[in-house]
1. Tell me which residues, restricted to segment 45-89, are modelled with pLDDT under 90 and over 16 Å from residue 133 (Cα atoms).
2. Just need a number here: residues in segment 1-51 that are without any contact (Cβ under 8 Å) to a residue 24 or more places away in the chain and in a helix (DSSP H, G or I).
3. Can you find a residue in segment 132-148 that is at pLDDT 90 or above, surrounded by 16 or more Cβ atoms within 10 Å (Cβ to Cβ), on the phi < 0 side of the Ramachandran plot and not in a helix (DSSP H, G or I)?
4. Which pairs have Cβ atoms under 9 Å, sit 6 or more apart or on different chains, and link a residue in segment 121-135 that is without any contact (Cβ under 8 Å) to a residue 40 or more places away in the chain to one that is part of a helix (DSSP H, G or I) and surrounded by fewer than 17 Cβ atoms within 10 Å (Cβ to Cβ)?
């Protein structure tokens, strides 16, 4: 389980770093300000929708990773962490890469979109594996350490 903990912590740190980078981009970037303030309204709306997609990916991934940390410390069972309020959500919005390379999106934001998608998909695969463990009868106990 130590390897899983290290992996989850590493993925969490990567997520947190990307979240801070995205926040800095949205808060301080001149290209973001131009995209948000100039151009036709439907172009600005499109860019803002892509920003929401990025935000959704990051919040979903961070929440799932925090729930997995709670599994590791015994605060939640794997079953609790993968169902209901702690489960990974937003699949329909977060898994698609449609329009990532659209020229209305500033290049730095395109990179953030690609990186957030990669991160979300890694978390999504971990979530799918955890759900499979639950279906196979592992992870219904009080603590997350019952995977053997």
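The values are calculated or read from the model by the stated rules, or taken from the named source; none is laboratory data. Values in this document were obtained by computation on a predicted structure and should not be read as measured data. No Cβ is skipped: glycine too gets one built from the backbone with ideal geometry, and neighbour counts run over all protein chains shown.
1. Selection gives 84, 85, 86.
2. Result for segment 1-51: 22.
3. no
4. Between residues of segment 121-135 that are without any contact (Cβ under 8 Å) to a residue 40 or more places away in the chain and residues that are part of a helix (DSSP H, G or I) and surrounded by fewer than 17 Cβ atoms within 10 Å (Cβ to Cβ), the close pairs are 124/91.
This table checks each residue for (1) exposed (fewer than 14 other Cβ atoms within 10 Å of the Cβ); (2) at negative phi; (3) touching a helix residue (DSSP H, G or I) at 6+ places or on another chain (Cβ under 8 Å).
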position: 29; (1), (2), (3): no, yes, yes
position: 35; (1), (2), (3): no, yes, yes
position: 47; (1), (2), (3): no, yes, yes
position: 60; (1), (2), (3): no, yes, yes
position: 64; (1), (2), (3): no, yes, yes
position: 69; (1), (2), (3): no, yes, yes
position: 90; (1), (2), (3): no, no, yes
position: 102; (1), (2), (3): yes, yes, yes
position: 106; (1), (2), (3): no, yes, yes
